[in-house]
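The values are calculated or read from the model by the stated rules, or taken from the named source; none is laboratory data. Remember, it's a predicted structure, so these values are computed and weren't measured experimentally. So basically every Cβ, Gly included, is an ideal-geometry build from the backbone, and we count neighbours across all protein chains shown.
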Amino acid sequence: MDSPVEIPYQSFIKIDRKSDTAIYMQIAHQLINAIQRGSLPLGAKLPGTRTLSNILEVHRNTVVSAYDELFAQGWVESLPNKGTFVIGKNEEKPLKIKNFDKSNLRLYPQITGFSFKTTNILDNPFEHSECEYMFNDGVPDIRLTQIDQHSRIYSSIMKRKAHKVLGHYNHDGSEFFKKNLSNYLNLSRGLSISSNNLLITRSTEMSIYIVSEILLSEGDTVLVGDLSYFSVNMIFQKAGVRIVSVPVDHEGLSVEGVREICKKQKIRMLYLTPHHHYPTTVTLSAQRRLELLNLANEYGFAILEDDYDYDFHYDKSPILPLASADTNGMVIYIGSFGKSLAPGFRTGFIVAPENLMKEMRKYLGIIDRQGDILMEQVLGEMIAEGEIHRYLKKSLKVYQERRDRFIDLLNEYLGDHVSFNKPSGGLAVWAEWKTTVNLMQLSRYCSQNNLFLPRTLLYQNKELTAMRLGYGNLNFDEMESSIRILSESTRALIG
């Protein structure tokens, strides 16, 4: 064991004589911190009080008081005729942290000693509020999730298969899950893929980031809908590409708009959410889907198809994705599996030809080598046992009832002020104001009345005043209260 005089106590004990904290407490806290960090090994012998007082240039009684504090907190023990030692040699339980003096935070540097790049592109756009009611952009209601049942499956796998699934890294994903997910996507999306065409990620955003890293270079042109998903636009902007908006109407993205741009410049990628366009919720027509595939083949651009809200359809069967009709390898299909489940049970995926998949696995191996193979095993069993199908069928009935009720309430409270269409699926309604309203001011009015409207839901320019109003997370009573507040605030604002 190191002798006490070989340990550089002056390197980790810094005394601030202007601090409100007593000097003996400063010494005690910093010794505790040194033990926690390993600077003072378990079982190490501390210097005698006279020796340490000379090293630190303090009175011996100050060191005595510091040692008494360490002894009282259970960090050291005093052995007769031997000295004072750090407790912990052969300890099976970690020592519980008794206290932490936040004044010691001043010892850590507040700024770096080197320069680095900063960006405002990736500033967090999301807001939080203590309001009782709030609208979001359309997320499921976690209260409908059968968390107990999912947890039991998770616990069962831990007991039965933990030694198989936790004993190694697998950034390629669980083969069991990939096999079941590929079957699920083939049946529900009309795809014809194997597990070799799948990459498992943590989220849709991670999927888009990986695709962008491989396919996009600074200065490339990417087409998106006007309007488009802000989070995805942030990823594209970070990649240094030029984002060009394409008009969107009641049939979805304008094919003519895409064709006119292609005639004038080279396009690298088109991003779209054809099932329910974000944020307007319109569905891309089947005819336009085929026309976009033909344009991609003709002009050689990739299509990044996001299956946003694909699982949530009510009135009729969903139109199959572009990827189901792609025979030339022009479409990269991404999505989030288990969106109707609790957030901790969801995962992202990418579907693409094998040559691109090979390259994407390299990137995933860098940013997420470990993966979450245990959760993938859980999701794989939920697919294999039909649990996902049963849960979706049950939850879709609830969400359809909520959509219908939400539409009725909008007509009742705001029919004179906004126009909207009843969406065929998804968890949100696109509402456009008939009269000019300052949406930021309206948001402040609502907040004063206990309703939170995040700025990410507000869309306003010279030609448009609109909101994306999510209803999926609201029960009937919460819907009525929220829309009533929005209605009252609107009337108070426009008179």
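Of all strands (runs of 3 or more DSSP E) completely enclosed by the range 414-495, which ones contain at least 1 residues that are at negative phi and surrounded by fewer than 14 Cβ atoms within 10 Å (Cβ to Cβ)?
418-420
Run down E376, E401 and say which single residue is assigned to a helix (DSSP H, G or I), within 30 Å of R152 (Cα to Cα) and not assigned by TED's automatic domain parsing to the domain that holds R152.
After ruling out the rest, the residue left standing is E401.
Considering only residues that are among the acidic types (D, E) and farther than 14 Å from R405 by Cβ, which ones fall in the range 462-495? Working first, answer last.
Filtering the range 462-495 down to residues among the acidic types (D, E) leaves 463, 477-478, 480, 488.
Those that are among the acidic types (D, E) and farther than 14 Å from R405 by Cβ: E463, E488.
Tell me the residue from I366, I407 that is within 22 Å of H275 (Cα to Cα) and of a type in the set (V, I, T), please.
Selected residue: I407, the only one of I366, I407 that is within 22 Å of H275 (Cα to Cα) and of a type in the set (V, I, T).
Quick one: how many residues across the range 334-368 are modelled with pLDDT of 90 or more, among the aromatic types (F, W, Y) and touching a Lys or Arg at 6+ places or on another chain (Cβ under 8 Å)?
The qualifying residues number 0.
Evaluate the range 221-233: report whether one residue or more is within 17 Å of D172 (Cβ to Cβ) and either at pLDDT 90 or above or part of a helix (DSSP H, G or I) (or both). Before the answer, list the steps.
Kept after step one, since they are within 17 Å of D172 (Cβ to Cβ), are these residues of the range 221-233: none.
No: zero hits.
Is it the case that some residue within the range 130-137 is at pLDDT 85 or above, surrounded by 11 or more Cβ atoms within 10 Å (Cβ to Cβ) and among the aliphatic types (A, V, I, L, M)?
Just the residues of the range 130-137 that are at pLDDT 85 or above, to begin with: 130-137.
Then drop every residue that is not surrounded by 11 or more Cβ atoms within 10 Å (Cβ to Cβ), which leaves 131-137.
The next check asks that each one be among the aliphatic types (A, V, I, L, M); those that pass are 134.
Yes.
Return the residues of the range 167-195 that are of a type in the set (S, T, Y), farther than 16 Å from G338 by Cα and modelled with pLDDT of 90 or more; say none if nothing qualifies.
Residues satisfying the conditions are S192, S194, S195.
Inside the range 348-393, can you point out the residues that are closer than 29 Å to H313 by Cβ and of a type in the set (G, A, S)?
G348, A352, G380, A384, G386 - these are the residues of the range 348-393 that are closer than 29 Å to H313 by Cβ and of a type in the set (G, A, S).
Please specify each residue of the range 292-316 satisfying the condition of being surrounded by fewer than 19 Cβ atoms within 10 Å (Cβ to Cβ) and either free of Cβ contacts under 8 Å to residues at least 40 places away in the same chain or of a type in the set (K, R) (or both).
Hits for the range 292-316 are N294, N297, E298, Y299, G300, K316.
Condition test on L451, is it touching a Leu at 6+ places or on another chain (Cβ under 9 Å) and either at pLDDT below 95 or within 15 Å of R491 (Cβ to Cβ) (or both)?
yes
Given the options G252, G300, G257, G344, name the one that is in the same structural domain as F177 (by TED's automatic domain parsing), farther than 17 Å from G138 by Cβ and in contact with a Pro (Cβ under 6 Å, 6 or more places away or on another chain).
On the way: G252 fails: in contact with a Pro (Cβ under 6 Å, 6 or more places away or on another chain); G300 fails: in contact with a Pro (Cβ under 6 Å, 6 or more places away or on another chain); G344 fails: in contact with a Pro (Cβ under 6 Å, 6 or more places away or on another chain).
Answer to the selection: G257.
Just to be sure I understand, how many residues within the range 179-193 are surrounded by fewer than 20 Cβ atoms within 10 Å (Cβ to Cβ), in contact with a helix residue (DSSP H, G or I) (Cβ under 8 Å, 6 or more places away or on another chain) and more than 14 Å from Y333 (Cβ to Cβ)?
Count: 2.
Per-residue answers, yes or no, for (1) surrounded by 14 or more Cβ atoms within 10 Å (Cβ to Cβ); (2) touching a residue at least 24 places away in the same chain (Cβ under 8 Å); (3) assigned to a helix (DSSP H, G or I):
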| residue | (1), (2), (3) |
| --- | --- |
| Q237 | yes, yes, yes |
| S245 | yes, no, no |
| V258 | yes, yes, yes |
| K266 | no, yes, no |
| Y271 | yes, yes, no |
| H277 | yes, yes, no |
| T280 | yes, yes, no |
